[in-house]
Amino acid sequence: MAVWPIRKYGDPILRKKAVKVESFGEPFQQVAADMIETMQAAKGVGLAANQIGLTHALCVVDVGLIDEGAPPKAFVNPVILQENGKEVPYEEGCLSIPEINEEVMRKERAVVRYQDLTGAVHEQECDGMLARVLQHEIDHLNGVFFVDRLSALRRKLLSKKLKAIAEEAAAEARERSKNAPSAGS
Ligand code: CO
């Protein structure tokens, strides 16, 4: 088990579409366990794989923060089949966009199809906080941030802060490449 550093807004992997998970073997189980540990260490309610620099179509949700006592859950290859109900506002944040919280409109219910860690397929109609979190995380797996869903005016008002976060992301990327073992060593 390991806690991974979280990639920030501006890191190119956060704009990439995730790749379908086909293999549910030990390396994948390790990734899922690390993501749950990383999410909990960061006190997040959800985390998508590209937020730790991986391309798996996988997100995890700390369902215990929504339903007391429930264990954290992995959603593999999740897709939204249907969004239902009315659009409701809720103030969202994101581990990849520190210190920005904004009201985002989303549908109040969503039917989600996903696989569990054994590969079994499930379909679930979610509402409330779980519907909110899954819509946010599935957006990540499509390269979309919650700030993309704000009005042009709100985004403009945030542009300075977002630029500063993207500069931080670029500095972290330079640091990673410096520390990476060079070829042949
Ligand atoms: Co997020």
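No value in this document is a laboratory result; all are computed from the given coordinates. Computed from a predicted structure; not experimentally measured. Reconstructed Cβ throughout: ideal geometry from the backbone, glycine too, with neighbour counts over all protein chains shown.
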- Starting with the highest mean, order 18-26, 164-172 by the number of other Cβ atoms within 10 Å, averaged over the residues of each peptide. 164-172, 18-26
- Item | Among Ala42, Val112, Val147 the positive-end extreme of the charge dipole of the chain (Cβ point charges) | Val147
- Task: Determine one quarter of the surface area of the Cα convex hull of region 114-158, which equals its mean projected area, and express it in nm² to one decimal.
- Result: 4.3
- 222 nm [θ] for the chain, helices only, -39500 (n - 2.57) per DSSP H run of 4+, per residue, to 500? -10500 deg cm²/dmol
- How high is the relative contact order of region 1-100, in percent, counting Cα pairs under 8 Å that sit 6 or more residues apart? 29
- Assuming a ≥ b ≥ c are the square roots of the Cα gyration tensor eigenvalues, decide whether region 12-179 counts as rounded (a/c under 1.5), prolate (otherwise, with a/b larger than b/c) or oblate. oblate
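I need the peptides 42-49, 69-76 ranked by packing, meaning the mean over residues of other C-beta atoms within 10 angstrom, with the highest value on top.
On the way: 42-49: 22.2, 69-76: 17.2.
Result, highest mean first: 42-49, 69-76.
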- antiparallel share of DSSP beta bridges within the chain, to nearest 5, in %, is 95
- Item | Proximal lysines relative to Lys16, as straight alpha-carbon distance under 17 Å, when same-chain residues fewer than 8 apart are discounted | Lys8
